[in-house]
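Enquirer: I have a structure here, written as structure tokens, and I will follow up with some questions on it.
The values are calculated or read from the model by the stated rules, or taken from the named source; none is laboratory data. Bear in mind the structure is a predicted one, so any value in this text is a computation, not a measurement. Cβ atoms come from the backbone with ideal geometry, glycine included; neighbour counts cover every protein chain shown.
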Amino acid sequence: MDDLSPLLSKLTSGASLTRAEAKSAFGSIMSGESEPLQVAAMLTSMSQRGETIEEIVAGAEVMRSHAIHIQAPDDAVDTCGTGGSGIDSFNISTAAAFITVAAGIPVAKHGNRAASSKSGSADVLEALGGNIDLPMEQVQKSLTETGFTFLFARAHHSAVRHVVPVRAALKFKTIFNVLGPLSSPANAKRQVLGVYDRRLVLPLAEVLRDLGSVHSWVVHGSDGLDEITTTGPTFVAELRDGAIREFEVSPGQVGFNTVSLDEIRGGTADHNAAAIRAMFAGEHSPFREITLMNAGASLLVGGKANSFEDAVQMAAEMVDGGLAHKALNSWVEFTKNART
């Protein structure tokens, strides 16, 4: 077992780790070579002080190095949030992904089963009829043939299993809550990343810059949602070609009404899947508007539009023209017929 004591002494004094020190520590943890009590102490110390950009970048680099990767084109987008908002929202980013695909942008959707909500992306994709447990060559082929693939976190990040018992015992958010969304197995350079805390918006944009992202949005709804919300403004840090700017977007700027939080709450995976199908079939609802706003962000970072307003309008056209539903059905059929 590797001894993390020297680094723990530094952390418990209130100091932060250098990137090299953090990479060494996370390398030990993800190789299963660290004592669980020392891992718990390290995660707790970081959480209490607040994780630094250097520590987060180091953790993401190590997690990426241990992942099972697929190849994705340069314009591929990942839509993955941290979760942890405490709000049982509709599966917004999953629905938005198929709108994005309909517009011609490949989406490598990184996700997992529900942790703090009733339905995670894996759960709702299953409820929509898809097979999420494909062999890796079929995961790759899915992206090539349908424009969409689901990167099931547990299949791509097996090294994280070493820290699962520690995280479960701690029962509070740790650096691993943000490392997952930063560790795309497709190495996507374009991303819409939702976070559970406004204080993470700018730092994670800086982390994405260090990790080589080309164009990404990091977002946090004023209601606490780790998505672009329609209950009020959303705080955004946009990274584009190395430059970061902060701003807000609101439903009014794209012609939508502000709604209550209850109107965008989701339910079980089956409930949310039915809502997605209904929306793609033409039903107008608060689910539609929040999905269009999030899809708009993906279309923007994917290079399909020059403004957020134009991107949201394009997203609406993808739904109204039946192309989003077609993209969903294409992926479902592929997974049903794929060799397993």
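Enquirer: Using the structure shown, decide if T100 is in a helix (DSSP H, G or I), crowded, with 21+ Cβ neighbours inside 10 Å and touching a Ser or Thr at 6+ places or on another chain (Cβ under 7 Å).
Expert: Values: in a helix (DSSP H, G or I): yes; crowded, with 21+ Cβ neighbours inside 10 Å: yes; touching a Ser or Thr at 6+ places or on another chain (Cβ under 7 Å): yes.
In short, yes.
Enquirer: I need the full set of residues from region 44-63 which are without any contact (Cβ under 8 Å) to a residue 40 or more places away in the chain, more than 16 Å from V201 (Cα to Cα) and among the polar types (S, T, N, Q), in order please.
Expert: Listed by number, the residues that qualify are S45, Q48.
Enquirer: When you check I70 against the structure, is it surrounded by 22 or more Cβ atoms within 10 Å (Cβ to Cβ), under 22 Å from V214 (Cβ atoms) and of a type in the set (V, I, T), yes or no? Spell out how you get there, then give the answer.
Expert: On the way: surrounded by 22 or more Cβ atoms within 10 Å (Cβ to Cβ): yes; under 22 Å from V214 (Cβ atoms): yes; of a type in the set (V, I, T): yes.
For I70, the condition - surrounded by 22 or more Cβ atoms within 10 Å (Cβ to Cβ), under 22 Å from V214 (Cβ atoms) and of a type in the set (V, I, T) - is met.
Enquirer: Under the condition of being buried (at least 19 other Cβ atoms within 10 Å of the Cβ) and of a type in the set (A, V, I, L, M, F, W, C), which residue from region 241-271 is nearest to F90 (Cα to Cα)? I'd like the intermediate steps shown before the answer.
Expert: Of all residues in region 241-271, those buried (at least 19 other Cβ atoms within 10 Å of the Cβ) come to 249, 251, 254, 264, 266, 269.
With of a type in the set (A, V, I, L, M, F, W, C) added as a condition, the list becomes 249, 254, 264, 269.
On the way: V249: 20, V254: 20, I264: 6, A269: 9 Å.
Selected residue: I264.
Enquirer: Then there is this: Sort out which residues of region 140-160 are touching a Ser or Thr at 6+ places or on another chain (Cβ under 8 Å) and among the hydrophobic types (A, V, I, L, M, F, W, C), and write them in order of number.
Expert: L143, F148, F150, L151, A159
Enquirer: What are the pairs, 6+ residues apart or on separate chains, where a residue within region 68-83 that is touching a residue at least 12 places away in the same chain (Cβ under 8 Å) has its Cβ under 7 Å from a residue that is among the charged types (D, E, K, R) and surrounded by fewer than 22 Cβ atoms within 10 Å (Cβ to Cβ)?
Expert: Listed by first residue and then by second, the contacts come to D74/K189.
Enquirer: Among the residues of region 118-157, how many are assigned to a loop (DSSP other than H, G, I, E, B) and of a type outside the set (G, A, S)?
Expert: Quick first cut of region 118-157, residues assigned to a loop (DSSP other than H, G, I, E, B) only: 118-120, 128-135, 147, 157.
Add one more test, that the residue is of a type outside the set (G, A, S), and what stays is 118, 128, 131-135, 157.
The qualifying residues number 8.
Enquirer: Which members of region 50-79 meet the condition of being among the polar types (S, T, N, Q) and over 24 Å from K141 (Cα atoms)? Steps first, answer last, please.
Expert: Within region 50-79, the subset among the polar types (S, T, N, Q) is 52, 65, 71, 79.
Once the filter is applied, which keeps residues that are among the polar types (S, T, N, Q) and over 24 Å from K141 (Cα atoms), region 50-79 yields only T52.
Enquirer: Quick check on region 186-213: of everything there that is among the aliphatic types (A, V, I, L, M) and assigned to a loop (DSSP other than H, G, I, E, B), which residue is surrounded by the most Cβ atoms within 10 Å (Cβ to Cβ)?
Expert: Our first condition is that a residue be among the aliphatic types (A, V, I, L, M); within region 186-213, this holds for 186, 188, 192-193, 195, 200-202, 204-205, 207-208, 211.
From what is left, the residues that are assigned to a loop (DSSP other than H, G, I, E, B) are 186, 188, 195, 211.
On the way: A186: 25, A188: 26, V195: 28, L211: 20.
Top of the filtered list is V195.
Enquirer: Checking the structure you have, find out if any residue of region 90-98 is modelled with pLDDT of 95 or more, over 28 Å from G120 (Cα atoms) and in contact with a helix residue (DSSP H, G or I) (Cβ under 7 Å, 6 or more places away or on another chain).
Expert: no
Enquirer: Another question, if that's okay. Does A275 meet the test of being touching a residue at least 40 places away in the same chain (Cβ under 8 Å), under 22 Å from F152 (Cβ atoms) and crowded, with 17+ Cβ neighbours inside 10 Å?
Expert: Values: touching a residue at least 40 places away in the same chain (Cβ under 8 Å): yes; under 22 Å from F152 (Cβ atoms): no; crowded, with 17+ Cβ neighbours inside 10 Å: yes.
Taking the combined requirement at face value, the residue does not satisfy it.
Enquirer: Name the residue that is nearest to V249 (Cα to Cα), counting only residues in region 261-278 that are in contact with a helix residue (DSSP H, G or I) (Cβ under 6 Å, 6 or more places away or on another chain) and assigned to a helix (DSSP H, G or I).
Expert: Going residue by residue through region 261-278, those that are in contact with a helix residue (DSSP H, G or I) (Cβ under 6 Å, 6 or more places away or on another chain) are 263-264, 266, 269-270, 272-273, 275-276.
Those left that are additionally assigned to a helix (DSSP H, G or I): 263-264, 269-270, 272-273, 275-276.
Numbers: E263: 19, I264: 17, A269: 28, D270: 30, N272: 25, A273: 27, A275: 25, I276: 24 Å.
Looking at residues that are in contact with a helix residue (DSSP H, G or I) (Cβ under 6 Å, 6 or more places away or on another chain) and assigned to a helix (DSSP H, G or I), I get I264.
Enquirer: Restricted to region 214-240, and to residues that are among the polar types (S, T, N, Q) and surrounded by fewer than 24 Cβ atoms within 10 Å (Cβ to Cβ), which residue is nearest to the chain's Cα centre (by Cα)? Explain how you work it out, then say what you get.
Expert: First, the residues of region 214-240 that are among the polar types (S, T, N, Q): 216, 222, 229-231, 234.
In the following step, the residues that additionally are surrounded by fewer than 24 Cβ atoms within 10 Å (Cβ to Cβ) were identified as 222, 231.
Details: S222: 18, T231: 21 Å.
The selected residue is S222.
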